[in-house]
1. Which whole-percent values make up P(r) of region 89-203 when all C-alpha to C-alpha distances are grouped in 10 Å steps starting at zero?
2. Tell me, what is the percent relative contact order of region 116-156, built from C-alpha pairs under 8 Å that lie six or more residues apart?
3. Accessible area per residue for region 1-105 in Å², computed with a 1.4 Å probe and the full protein assembly in place, what is it?
4. State in Å² the accessible area per residue of region 136-204; use a 1.4 Å probe, count heavy atoms of protein chains only, and round to the nearest integer.
5. Pop out the Kirkwood hydrodynamic radius of the chain from its pairwise C-alpha distances, inverse of mean 1/r, in Å to one decimal.
6. With bins 5 Å wide starting at 0, give me the P(r) of region 53-136 over every alpha carbon pair, in whole percents.
7. Which percent of the accessible area of region 1-146 is formed by carbon and sulfur heavy atoms (probe 1.4 angstrom)?
8. What is region 55-204's relative contact order, in percent, from Cα pairs under 8 angstrom and six or more apart in sequence?
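The values are calculated or read from the model by the stated rules, or taken from the named source; none is laboratory data. The structure displayed is predicted, hence computed values, not measured ones. Surface areas here come from the heavy atoms of the whole protein model, side chains and all, with no ligands, DNA or RNA. Shrake-Rupley method; radii C 1.70, N 1.55, O 1.52, S 1.80 Å.
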Amino acid sequence: MTATSAATATATEARAEATQALVSAGRTLFTRHGYRQTEFTDLAAAAGLDAAYARELLPDKAAVFGALIERTVKVAGLLRPAVSEGVDEDLPARLARIYLALWEPGEEEESPLVELYRIALSDREASEVLRGRISEALNAMVDHELPGADAELRTALFGAQLGGTAIARHLLGVRAITAADIETVIETLTPGLRRTLLDTTAPE
């Protein structure tokens, strides 16, 4: 490795570490103070970075939150195995199982996705960032595989059904949904999800 390439590698590593510090600061401050109450300068200071350099890495707090989402929940990668099995009548249930499992708590702490939604629901901009990232991942993986001119709409509605169920179960604490085990929830949802995503009511 030449001196130039070594210096480039070192600079790249330093930039990656600084970006990670900024994202980690976002997770801490957004959770502690809320998205709206956190300024970009607060994020830079918490990460130990000059604000101007921090903006070169991620230009604003929406970008910081977006990076936090991508690093916390790699939705596209998680959904890929379900889609790779093909578009069949079991696809809605496979996708639902993967997505809703992301919300289930671990042995010692709640799901990171619950944490992200708590942050997002406190501010409109944050909500748009989270909804956009998850919708983009779902649309990129699914809607181009579906027949019909309204595939994008059906995919979005499918995502809304899953998201609404998860919020009711984990954030609102709707008793009947919270009390049911996850497989019962998926089994009950699947006929409606299948109609939405696969348009099974359409005439042949």
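1. Here the calculated profile for region 89-203 is 13, 44, 33, 9, 1.
2. 27
3. With the other protein chains kept in place, region 1-105 gives 52 Å² per residue.
4. 57
5. 18.8 Å is the Kirkwood radius here.
6. 3, 13, 21, 21, 17, 13, 8, 3, 1, 0
7. Here it works out to 51 percent.
8. Contact order relative to length: 27 percent.
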